[in-house]
Number of protein chains: 2
Amino acid sequence: MRFILPVLDQSQSSGMVNENEWFLEPMESKGTLFGLKLDGERLHAEQSAFQHIEIYQTETFGKLMVIDGCVMLTDRDNFLYHEMIAHPALCLHPNPRRVLIIGGGDCGTLREVLRHPQVESAVQVDIDERVTRLAEEYFPALCDSNDDARAQLLFDDGIAYVRNAADQAFDLIIVDSTDPVGPAEGLFNRAFYAQCHRALADDGILVQQSESPLIHLELIQQVHASMKGEGFAATRLVNFPQPVYPSGWWSATLAFKQAEGAQRQADSARVEAISADTLYFNAATLNGALALPNFVAKALAEKA
Amino acid sequence: MRFILPVLDQSQSSGMVNENEWFLEPMESKGTLFGLKLDGERLHAEQSAFQHIEIYQTETFGKLMVIDGCVMLTDRDNFLYHEMIAHPALCLHPNPRRVLIIGGGDCGTLREVLRHPQVESAVQVDIDERVTRLAEEYFPALCDSNDDARAQLLFDDGIAYVRNAADQAFDLIIVDSTDPVGPAEGLFNRAFYAQCHRALADDGILVQQSESPLIHLELIQQVHASMKGEGFAATRLVNFPQPVYPSGWWSATLAFKQAEGAQRQADSARVEAISADTLYFNAATLNGALALPNFVAKALAEKA
């Protein structure tokens with residue numbers, strides 16, 4: 001079977017519903033495409049001040065949020081990303097009390113962060129309040145912890161927020177952003193990493209979603225090199241499955257201010273406690289996520 | 001963006017080449033779709049005695065083989081599947097001398113098996129000779145070891161081959177098949193597992209590709225339960241990324257005749273030796289592949 005893919009412009013994007021309707025995300029630059037079968041009409045679409053946001057009902061993955069044509073999350077598999085961007089760093093940090101989340105407007109990362117009783121405050125700074133409002137409406141489970149007394153939800157420029165933060169204000173900064181284009185572009189550069197470095201305590205860890213180990217390997221090299229260039233002593237890569245993102249294989253990069261941080265073992269009591277409520281994360285999958293395939297290790301050794 | 005996907009029948013599948021041409025594989029039953037951007041005309045298509053085989057040139061994944069509309073392999077990422085269906089079992093077995101591969105006509109698994117100097121014979125039985133002939137032409141690297149004196153390539157019915165095999169004839173049987181429909185359907189049933197059990201030595205291991213931990217979890221449960229039902233003492237799941245297969249996350253199931261086999265650690269000297277030439281497999285990724293996410297462990301504990 002071979003299909004000719006019609007390219008429709010956004011004005012046509014509320015096309016008719018029929019039995020063969022799929023949401024398709026072609027990633028032209030990488031030559032891959034992912035799609036989910038839809039169930040019924042699009043539930044919501046809007047152009048916010050920052051981006052185009054859509055909500056669909058899929059046939060098999062629950063609800064789907066799309067931003068600027070890119071799949072952000074589905075009900076069915078967001079646990080992989082949210083657990084793995086949060087828990088590895090939280091369990092590797094000796095005492096994560098003050099957490100900053102940049103982006104993360106769907107609140108799924110915030111929920112995972114607040115599962116850790118050690119966390120005393122979690123500030124989420126997403127530039128687009130509409131993402132959070134739509135998450136509250138269409139993905140209420142992700143917003144379970146928004147009313148936690150430790151949570152603070154801000155809708156503001158994350159880059160400016162970090163620039164204005166006090167020195168050593170945070171133990172953990174998690175950059176839970178969209179791809180490095182559009183509003184998120186400034187979250188993938190050295191000036192931003194330098195400010196994160198300054199705003200982290202000495203034993204602090206910066207976490208950034210860092211795309212696919214297979215098809216974005218050069219980006220991962222650049223992210224690691226840039227973080228080290230701005231003073232982080234060491235980096236580690238966390239990799240995990242994420243079916244709805246390009247290639248189905250995704251990563252987060254951890255940058256440690258102190259070299260010994262990258263040598264530290266995860267706190268096994270905390271790993272065990274958290275694993276009681278997770279779907280993917282546990283001591284074994286944490287070690288698996290930190291395991292580097294040969295081709296990734298080689299790429300990071302060559303340039304990172 | 002939203003696209004309406006045209007459903008074309010196979011007679012139209014040599015559709016015109018244009019700048020927006022993709023190979024798309026919709027998996028209707030699971031509601032997911034994967035696509036690769038093509039580069040130029042389809043290189044080959046034929047209806048063999050058993051299935052419809054196509055070869056394409058993709059823009060970013062090298063050559064692509066498609067059987068009955070399903071992606072079989074690409075140049076770029078087949079190393080993940082081939083390394084992970086072969087090396088875990090070979091390194092967990094105490095002394096894998098006699099290996100049988102059922103299916104595997106592209107010869108990539110055979111190549112990985114023959115990297116192990118302990119292997120004295122490797123018999124590959126694929127029902128469709130055309131797959132191997134096309135692999136030789138379009139994926140010559142995978143066929144690197146076809147002339148190895150230890151290799152025997154047979155084109156025959158793998159189910160009958162196992163049924164006719166002597167008791168305890170093999171140390172390892174690897175079922176490297178297509179999905180459990182069409183010619184491969186009989187490779188996913190209890191009668192076949194019973195024959196594999198008989199044809200394996202006491203410390204033998206049966207390996208079967210077992211689809212996606214996320215979207216085929218029930219099938220994985222059934223495979224494990226069926227293997228145990230036919231006398232295998234224990235099973236383990238190996239999971240790994242495989243971007244071109246549905247969900248981008250794939251698995252192989254290992255069934256051990258003896259319970260102690262499933263407790264055995266991999267031979268670390270062999271793991272280290274093999275890892276010198278692999279792109280994904282090493283001691284750390286092996287442990288990672290054997291790590292069960294909580295939801296998978298729960299599913300296998302409930303029914304397997």
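For the protein assembly as shown, what is the percent of antiparallel DSSP beta bridges, rounded to the nearest 5? Intermediate values should be presented prior to the final figure.
On the way: 75 of 115 bridges.
Within the protein assembly as shown, antiparallel bridges account for around 65 percent of the total.
If you wrap a convex hull around the alpha carbons of chain B, what volume per residue comes out, as a whole number of Å³? Mind dumping the intermediate values first?
Working: hull volume 40.0 nm³, N = 304.
In chain B, the Cα hull volume divided by residue count equals 132 Å³.
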Handout entry: Efficiency of FRET between residue A:185 and residue B:60 - r from beta-carbon atoms, R0 25 angstrom, step 0.05
Key = 0.65
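Please arrange B:171, A:39 by how many other C-beta atoms lie within 10 Å of their C-beta, fewest to most.
Placing the least packed residue first, the sequence is A:39, B:171.
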Handout entry: Other-copy label distances relative to residue B:48, 7 angstrom Cα-Cβ extension, nm
Key = 5.0
Handout entry: Under 26 Å between alpha carbons - lysine pairs in the protein assembly as shown that sit 8 or more apart or on different chains
Key = 26
Practice task
Taking the Cα centre of segment A:16-74 as origin, sum charge times position over the Cβ atoms of Lys and Arg (+1) and Asp and Glu (-1), and report the length of that vector in debye to the nearest 20.
Solution key: 160 debye
Handout entry: Cα centroid of segment A:221-283 to Cα centroid of segment B:73-102, whole Å
Key = 28 Å
Fill in the blank from the handout: Projecting the Cα atoms of A:215, A:247, A:135 onto the charge dipole of segment A:113-260, where Lys and Arg contribute +1 and Asp and Glu -1 at Cβ, the residue farthest towards the positive end is A:215
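Would you kindly give the portion of the calculated P(r) for segment B:132-171 that falls above 17 Å, as a percent of all Cα pairs?
Percentage above 17 Å: 49.
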Problem - Student exercise, the protein assembly as shown dipole from Lys, Arg, Asp, Glu Cβ charges, in Debye to nearest 20 - result: 1520 debye
Exercise for the section: Provide A:147, B:179 in ascending order of the number of other Cβ atoms located within 10 Å of each residue's Cβ, fewest first. Expected result: A:147, B:179
Exercise for the section: Using just the alpha carbons, could you tell me how many Å³ per residue the convex hull of segment B:16-74 encloses? Expected result: 91 Å³
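Which of B:66, A:207, B:119 has the fewest other C-beta atoms within 10 Å, and how do the rest follow up to the most?
Numbers: B:66 23, A:207 28, B:119 19.
Ranking B:66, A:207, B:119 by Cβ neighbours within 10 Å, fewest first, gives B:119, B:66, A:207.
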Exercise for the section: Using Cα pairs closer than 8 Å and at least 6 residues apart in sequence, work out the relative contact order for segment A:186-284, in percent. Expected result: 28 percent
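Find the relative contact order for chain B and round it to a whole percent, using C-alpha pairs within less than 8 Å whose residues are 6+ positions apart. Display every interim value, and only then the final one.
On the way: 592 pairs, mean separation 46.5, N = 304.
Here the relative contact order equals 15 percent.
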Practice task
Within 10 Å of each Cβ in peptide A:29-40, how many partner chain Cβ atoms are there on average? Round it to a whole number, please.
Solution key: 6
Completion exercise
Counting only DSSP beta bridges fully inside segment B:78-302, the antiparallel percentage to nearest 5 is 40 percent
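Please quote Rg/Rh for the protein assembly as shown to two decimal places, taking the Kirkwood radius as Rh and restricting both calculations to Cα atoms. Can you show the working numbers first?
Details: Rg = 24.4 Å, Rh = 25.1 Å.
Result for the protein assembly as shown is an Rg/Rh of 0.97.
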Problem - Average Cα contact separation per residue, segment B:16-143, under 8 Å, 6 or more apart, as relative contact order % - result: 16 percent
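Using the Cα centre of segment A:176-304 as the reference point, and only Cβ charges (+1 on K/R, -1 on D/E), how large is the resulting charge dipole? Debye, rounded to the nearest 20.
Values: 9 positive and 13 negative charges, 62 e Å.
Around 300 debye, computed over segment A:176-304.
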Practice task
Determine the equivalent ellipsoid of segment A:58-159 by diagonalising the alpha-carbon gyration tensor, then write out the semi-axes as square roots of 5 times the eigenvalues, largest first, rounded to whole Å.
Solution key: 23, 16, 12
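Quick note: the coordinates plus some simple rules give every number you see, no bench work behind them. Just so we're clear, the structure is a prediction, and the values are computed from it rather than from any experiment. In this analysis, Cβ positions are derived from the backbone assuming ideal geometry, glycine residues included, and neighbour counts consider all displayed protein chains.
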